[in-house]
């Protein structure tokens, strides 16, 4: 069932307008997916990360709502920043901008997974205040089906419940 925040995501996406922003980036809703059998999540919300000063798409952030065995290895948040835009903190900024939305749909603890050798993503998790829960081997069947690597760090980001007030702007 879609709550008001998800309906807002869809409305902003239809109008091609940003849903969240700060002084550097804006998050523009791009795609909404309902239940996914492949990853076992209730829904996925995908935003383009747009650099505000020139409106160039710098990457994307995907929010995967729900929990499943697949999400144990994929996490609730996935992000990608394109090479020309890396090193500017856009991934951490995008995560922080999504915090009110995540809180409004009932998420409290968010898992972000990274490859152990992906130092920029590890640094992003550290900037967010995530705690490294564990490092896990990924079963071969999940590696092949989800096209992910053989090992993942699982970081847990405990959201600030006060962020819900910011989601009502």
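Between residue 126 and residue 158, the contour length at 0.36 nm per residue exceeds the Cα-Cα span by 10.3 nm. Relative to the longest principal axis of the Cα atoms of the chain, the long axis of helix 4-14 lies at roughly 70 degrees. Applying 1/(1 + (r/R0)^6) with R0 = 25 Å to the Cβ-Cβ distance of residue 2 and residue 72 gives a FRET efficiency near 0.50.
Multiplying the residue separation of residue 148 and residue 82 by 0.36 nm and removing their Cα-Cα distance gives an extension gain of 21.9 nm. Using only alpha carbons, region 4-166 has a radius of gyration to Kirkwood radius ratio (Rg to Rh) of 0.94.
What fraction of the Cα pairs in region 79-160, stated in percent, has a spacing above 19 angstrom? Above the 19 Å cut-off, region 79-160 has 43 percent of its Cα pairs. Peptide packing for 30-39, 153-162 was compared via the average number of neighbouring C-beta atoms within 10 Å per residue; ordered from the highest value, the list is 153-162, 30-39. The Cα trace of region 65-112 gives Rg and Dmax of 12.2, 34 Å, the first to one decimal, the second as a whole number.
Taking label positions 7 Å along the Cα-Cβ direction at both residue 140 and residue 117, the computed distance is 2.1 nm, reported to one decimal. I'd like the orientation of helix 119-128 relative to the chain: the angle between its Cα long axis and the longest Cα principal axis, in ° from 0 to 90, rounded to 10. It works out to around 60 degrees.
Here, each number is a calculation from the coordinates, and none is a lab measurement. The structure presented is a predicted model; accordingly, all values stated were derived computationally and were not measured. All Cβ positions, glycine included, derive from the backbone under ideal geometry; neighbour counts span all protein chains shown.
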